[in-house]
2 protein chains.
Amino acid sequence: MSDKVLLDYGSGGRASQRLISDLFLNYLGNDELNRLNDAAELTMSGRVAMSTDSFVVDPIFFPGGNIGSLAVHGTVNDVAMMGAIPRHITCAYILEEGLPMDDLEKIVKAMGQAAENAGVTIVSGDTKVVPKGAVDKIFINTTGVGDIIADPAPSGDAARPGDAVLISGTIGDHGLTILGTREGLDFEAKVESDSAALNHLLVRLVQELPEVHVLRDPTRGGLATTLNEITVSSNVCCELVENSLPIRPEVKGGCSILGLDPLYLANEGKFLCILPEEYVEQALEIMQSDPLGKNACQIGRMTDANPGKVVLETPLGGKRLLNMLEGEQLPRIC
Amino acid sequence: MSDKVLLDYGSGGRASQRLISDLFLNYLGNDELNRLNDAAELTMSGRVAMSTDSFVVDPIFFPGGNIGSLAVHGTVNDVAMMGAIPRHITCAYILEEGLPMDDLEKIVKAMGQAAENAGVTIVSGDTKVVPKGAVDKIFINTTGVGDIIADPAPSGDAARPGDAVLISGTIGDHGLTILGTREGLDFEAKVESDSAALNHLLVRLVQELPEVHVLRDPTRGGLATTLNEITVSSNVCCELVENSLPIRPEVKGGCSILGLDPLYLANEGKFLCILPEEYVEQALEIMQSDPLGKNACQIGRMTDANPGKVVLETPLGGKRLLNMLEGEQLPRIC
């Protein structure tokens, strides 16, 4: 094969087949994918969660991951947020003619490893190659399905006054890393993306706790935007305590240099867990026992004070309204 | 909203939500999509077919359809080729900053209509907006799931010597239309894409015939490439009769002007049906009773003469080997 991606590789003909067998099946192969039918044959039964995401992150390689691992984690997490065990994902590549094959191989390899860690199989795929300039390097779509084990499934409209709001760890890491890498900034301390598959931890929470109202990952738009969506859907008020928000000092520092608010920065390995106050201790114990939740803590609670609003209590006792992100802070963050 | 797509519309914040509620939910909405959770909750049972495709066709509007209707038809057809009833699809847009909102609306509207005609619901979605130049106008991924009703499911490795090879209609229409439109050619006679959802017809075939070995849509790479894939997977020889191939005179004419071979041109509303000789009459009757199969006919048969090969018998009695497409005839055909 050439050392760069050629248009021929997306033809559907012999060159496509070589790319599929030599690269994709090598890293992603399994009994179902290897059959190379137009569709995969799966066995699913009962309540199924299904979610799709296209990944357009720039740069495609960044500290803590690359577009391939991110594409697996993102969809696995979205499925798991429904209280589901992610089972299978599909994977569709759009490649720019001329993309170095080495880069593509690193990305595909990372997808294979991420899928293995998450315990999902990649069951069907698609590859398009477009002429130089029609896409920036590589975009990846992943779509996942999983078995819902929570009954009822956690949902953005299920938060209730009195619920506690927990976060699984520090916020802003992914967003600041992407921006820093893109702009070639060299932060004093190391910052890296938190991109990770959260499904194993989420399944434990759903299985071991009697009740979980909302699970949601604060990706694009960050914690503030995600909480606004939830308060609107559930018609409750979220009262956050600023001092309780876990933010790495290096992320705080990077944000103040760049004029960014970590509350609006994307996360790719964190989740919000909203549940009745009485289960907080048990939930934090489960979360903190997992490396991906070791910094988990309570950051606020839901009330009926100002339905649809997110209010931040500052260290001096003042209150600040956190609006939903209005415009675009950072395009191509995921 | 602006008359052009802005970066803000992909932020995950308030502007994204306006685009989703004013445009996407307006044309694609249903109970599940309207909940706007990270994933959809579906009920599936037993054997499930799942398929993904990204659509990068250029131009995005063409006689017979646009990228939106094509994206629905393509995935619905891939699911249906497994002998399955397509149920749900996801839909992920990658939009270029500056895309006219009128164009996006036409595309989304066409998707809604195509989904309704095919009887599938769009259950989950994703929208990314990338800066001008990072993608050419709009790319769409669709991923579909459906209930497999055929047992065993038709498969590319299930053709047997003695099987008849049927095609549901004329070949080359889509490929020639796209190329003609892209190059601004004005053919004497009207040629248009055959893009269509084939699932209703396919379900009838699977339900009414005792045995169907292979169902496959000859998209990228055309009829010749698809038959090569099947002969290799099934280890059989395909003997085609050139005179029996249904090709519109205007497609034949356009191809000879442009130096293209219709056997290698993409189709988006046709399928190959490979089954035991004894069911040919019944199969053709079913196919011809549907407008999408009115030109259905037998074009050849499978033998054990040259396993893995596709042989074309010419009108003068000669034989020509039809290879798989080697390079790329037409990038961005779907």
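Here the helices (runs of 4 or more DSSP H) wholly within the stretch A:199-289 that include at least 1 residues being within 22 Å of A:LYS319 (Cα to Cα) and touching a helix residue (DSSP H, G or I) at 6+ places or on another chain (Cβ under 9 Å) are A:222-234, A:249-258.
Note on the stretch A:210-222: among residues that are more than 15 Å from A:MET81 (Cα to Cα) and either at pLDDT 95 or above or in contact with an Asp or Glu (Cβ under 9 Å, 6 or more places away or on another chain) (or both), the one that is surrounded by the fewest Cβ atoms within 10 Å (Cβ to Cβ) is A:PRO210.
For (1) among the aliphatic types (A, V, I, L, M); (2) more than 25 Å from A:ILE230 (Cα to Cα), each residue gets a yes or a no:
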site: A:ASN117; (1), (2): no, yes
site: A:ILE122; (1), (2): yes, yes
site: A:THR143; (1), (2): no, no
site: A:LEU166; (1), (2): yes, no
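Within the group B:SER2, B:SER21, B:SER51, B:SER69, which residue is within 24 Å of A:GLY222 (Cα to Cα) and polar (S, T, N, Q)? B:SER21 is the lone residue from the list that is within 24 Å of A:GLY222 (Cα to Cα) and polar (S, T, N, Q). The set of residues from the stretch A:10-25 being without any contact (Cβ under 8 Å) to a residue 12 or more places away in the chain and either of a type in the set (Lys, Arg) or assigned to a helix (DSSP H, G or I) (or both) comprises A:ARG14, A:ALA15, A:GLN17, A:SER21, A:LEU25. Select from the stretch B:11-40 the residues that are within 28 Å of the chain's Cα centre (by Cα), over 24 Å from A:ASN267 (Cα atoms) and charged (D, E, K, R) and list them in ascending order. B:ASP31, B:GLU32 - these are the residues of the stretch B:11-40 that are within 28 Å of the chain's Cα centre (by Cα), over 24 Å from A:ASN267 (Cα atoms) and charged (D, E, K, R). For the stretch B:6-18, the criterion of being over 30 Å from B:GLU192 (Cα atoms), at the interface with another protein chain (Cβ under 8 Å from one of its Cβ atoms) and acidic (Asp, Glu) is satisfied by at least one residue.
So is B:SER11 farther than 21 Å from B:ILE148 by Cα, in contact with a Pro (Cβ under 9 Å, 6 or more places away or on another chain) and either buried (at least 23 other Cβ atoms within 10 Å of the Cβ) or among the aromatic types (Phe, Trp, Tyr) (or both) or not? So B:SER11 fits the description; yes.
Here are some residues: A:ASN77, A:ASN117. Which one is buried (at least 24 other Cβ atoms within 10 Å of the Cβ) and in the same structural domain as A:LEU19 (by TED's automatic domain parsing)? Before the answer, list the steps.
On the way: A:ASN117 fails: buried (at least 24 other Cβ atoms within 10 Å of the Cβ).
Going through A:ASN77, A:ASN117 in turn, the sole match is A:ASN77.
When the stretch A:51-71 is filtered for residues that are over 16 Å from A:ALA118 (Cα atoms), within 7 Å of chain B (Cβ to nearest Cβ) and over 10 Å from the mean Cα position of the chain (by Cα), the ones remaining, listed by number, are A:THR52, A:SER54, A:VAL56. When B:CYS334 is tested against (1) more than 14 Å from every other protein chain (Cβ to nearest Cβ); (2) within 18 Å of the chain's Cα centre (by Cα); (3) surrounded by 22 or more Cβ atoms within 10 Å (Cβ to Cβ), just one condition goes unmet, and that condition is (1).
Here the strands (runs of 3 or more DSSP E) wholly within the stretch A:292-334 that include at least 3 residues being in contact with a Gly (Cβ under 8 Å, 6 or more places away or on another chain) are A:297-303.
Taking the stated definitions as given, is A:LEU36 assigned to a loop (DSSP other than H, G, I, E, B) and either away from every other protein chain (no Cβ under 12 Å) or surrounded by fewer than 24 Cβ atoms within 10 Å (Cβ to Cβ) (or both)? So A:LEU36 passes the test.
Is it the case, given these coordinates, that B:MET50 is part of a loop (DSSP other than H, G, I, E, B), assigned by TED's automatic domain parsing to the domain that holds B:SER21 and buried (at least 24 other Cβ atoms within 10 Å of the Cβ)? Considered against the rule, which asks whether it is part of a loop (DSSP other than H, G, I, E, B), assigned by TED's automatic domain parsing to the domain that holds B:SER21 and buried (at least 24 other Cβ atoms within 10 Å of the Cβ), B:MET50 comes out as no. Exactly one residue among A:PRO307, A:PRO291 is modelled with pLDDT of 95 or more, farther than 20 Å from A:LEU198 by Cα and not hydroxyl-bearing (Ser, Thr, Tyr), and that residue is A:PRO307. Within the stretch B:146-157, the set of residues being buried (at least 21 other Cβ atoms within 10 Å of the Cβ) and more than 7 Å from chain A (Cβ to nearest Cβ) comprises B:GLY146, B:ALA150, B:PRO154. For the criterion of being surrounded by fewer than 23 Cβ atoms within 10 Å (Cβ to Cβ) and either within 14 Å of chain B (Cβ to nearest Cβ) or in contact with a Ser or Thr (Cβ under 7 Å, 6 or more places away or on another chain) (or both), A:ARG204 fails. Within the stretch B:223-272, being of a type in the set (S, T, N, Q) and either surrounded by 17 or more Cβ atoms within 10 Å (Cβ to Cβ) or touching a Leu at 6+ places or on another chain (Cβ under 6 Å) (or both) holds for B:THR225, B:THR226, B:ASN228, B:THR231, B:SER233, B:SER234, B:ASN267.
A:ALA164 meets all of the listed conditions (1) small (Gly, Ala, Ser); (2) on the phi < 0 side of the Ramachandran plot; (3) surrounded by 22 or more Cβ atoms within 10 Å (Cβ to Cβ) but one, namely (3). When the stretch B:72-96 is filtered for residues that are more than 8 Å from chain A (Cβ to nearest Cβ) and of a type in the set (D, E, K, R), the ones remaining, listed by number, are B:ARG87, B:GLU96.
The values are calculated or read from the model by the stated rules, or taken from the named source; none is laboratory data. Because the structure is a prediction, the values reported are computed rather than measured. Reconstructed Cβ throughout: ideal geometry from the backbone, glycine too, with neighbour counts over all protein chains shown.
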